[in-house]
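Here the structure is laid out as structure tokens; the discussion comes afterwards.
Each reported figure results from applying straightforward, stated rules to the coordinates on display, with no laboratory input. Not measured: the values here are computed from a predicted model. No Cβ is skipped: glycine too gets one built from the backbone with ideal geometry, and neighbour counts run over all protein chains shown.
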Amino acid sequence: MVSSTLLSADQPLEIAGRQFSSRLITGSGKYRDHTQMRESIQASGCAMVTVAVRRVQLGAPGHEGLVEALDWGKLWMLPNTAGCQTAEEAVRVARLGRELACLVGQQENRFVKLEVIPDPKYLLPDPLGTLEAAEVLVREGFTVLPYINADPLLAKRLEECGCATVMPLGSPIGSGQGLLNAANIQIIIENSRVPVVVDAGIGTPSEAAQAMEMGAAAVLVNTAIAQASHPALMAEAMALATRAGRLAYWAGRIPKREAAQASSPLQGVVGHN
């Protein structure tokens with residue numbers, strides 16, 4: 001008989017009523033070439049891939065032919081508003097992303113990863129601009145996945161306005177610094193009724209596993225895979241770590257103790273009364 005715990009651990013990721021077979025979301029940027037991108041996405045086993053709408057639209061280096069390089073019959077496109085500095089700009093790019101999804105045959109796709117980032121040095125998201133854009137996009141029927149600082153109050157406001165997930169950063173984009181905001185992320189997870197996706201800063205599989213062990217619904221990893229010495233190997237490692245972290249969360253860790261505790265009972269041991 002299969003336990004209810006195992007069944008819970010095996011449940012697919014669900015966002016706005018749509019189910020995904022993997023809890024690892026990957027990106028399509030920063031790869032050395034499209035061949036590495038395709039191999040890595042396949043090795044990751046992911047079901048959803050982010051696409052920077054503005055960079056595709058402008059044909060930015062590394063993004064030419066990106067849309068055509070992937071099989072969108074098997075992958076769900078997550079258009080993102082990367083490069084947008086204001087709420088107004090993000091809303092406009094989100095609408096373009098919807099059209100981009102239609103062009104690859106996903107007419108029902110209204111997902112958008114919302115990014116509003118006016119800060120060019122640290123690439124930290126603008127909380128006010130993000131909330132403003134989210135309110136507009138939700139009213140327009142988008143499934144909004146907002147990228148935010150690990151701010152529990154903002155996360156709750158975005159959930160209340162109708163966002164389908166919240167996506168707190170572990171540390172700055174592409175930094176590989178890991179979960180510097182673990183305490184706040186834990187608070188967000190404990191207080192959210194929508195899936196929490198840890199996004200940005202994950203540099204190693206152990207950090208992906210850590211996020212999942214905390215109870216995150218999913219992780220989004222791009223740079224750590226794309227810029228690895230062997231991207232496809234790192235993609236597979238991230239997939240295994242995400243799965244392991246999910247299972248560990250449902251398994252339940254032992255409590256931490258100040259003193260050692262023998263793993264075997266002393267009763268019956270020779271020389272012990």
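Within the stretch 182-222, which residues have the backbone N less than 11 Å from the label spot 7 Å out from residue 156 along Cα→beta-carbon, could you tell me? 188, 191-192, by backbone N distance to the label point. Note on the chain: with a GNM built from Cα contacts shorter than 10 Å, the maximum mean-square fluctuation among 56, 112, 166 falls on 56.
Hydropathy first: keep DSSP H helices in the chain averaging at least 1.0 on Kyte-Doolittle, then drop any whose Cα extent along the axis falls short of 27 Å, and list what survives.
Numbers: long enough: 231-251 (30 Å, 0.58).
Sorted by number, there is nothing, because no helix extends far enough and scores high enough.
Of the labelled figures (1) 21; (2) 31; (3) 34, only one reflects percent of Cα pairs over 29 Å apart as derived from the coordinates, namely (2). Choose one of 230, 11, 40: the residue whose Cα lies farthest towards the positive end of the charge dipole of the chain (beta-carbon charges +1 Lys, Arg; -1 Asp, Glu; about the Cα centre). After comparing all options, I get 11. Here r is the Cβ-Cβ distance between residue 74 and residue 227 and R0 is 22 Å; the resulting FRET efficiency, rounded to 0.05, is 0.35. Once you list every other residue whose beta carbon is under 12 Å from the beta carbon of residue 237, what net charge do they have if Lys and Arg are +1 and Asp and Glu are -1? Taking every other residue near residue 237 into account, the sum is -1.
Among 22, 229, 263, the largest mean-square fluctuation in a Gaussian network model of the chain, built with springs joining Cα atoms closer than 10 Å, belongs to 263.
Dividing the helix sum by the residues of the chain, where each DSSP H run of 4 or more adds -39500 (n - 2.57), gives a mean residue ellipticity at 222 nm of -12000 deg cm²/dmol.
Take the alpha carbon atoms of the stretch 162-273, find their radius of gyration, then divide it by 2.2 N^0.38 Å using N residues; give the quotient. Please report the intermediate quantities before stating the final value.
Details: Rg = 18.3 Å, N = 112, 2.2 N^0.38 = 13.2 Å.
Dividing the Cα radius of gyration by 2.2 N^0.38 Å gives 1.38.
Computed from the Cβ-Cβ distance with R0 of 45 Å, the FRET efficiency linking residue 20 to residue 261 stands at 0.65.
Cβ crowding within 10 Å ranks 84, 46 as 84, 46, fewest other Cβ atoms first.
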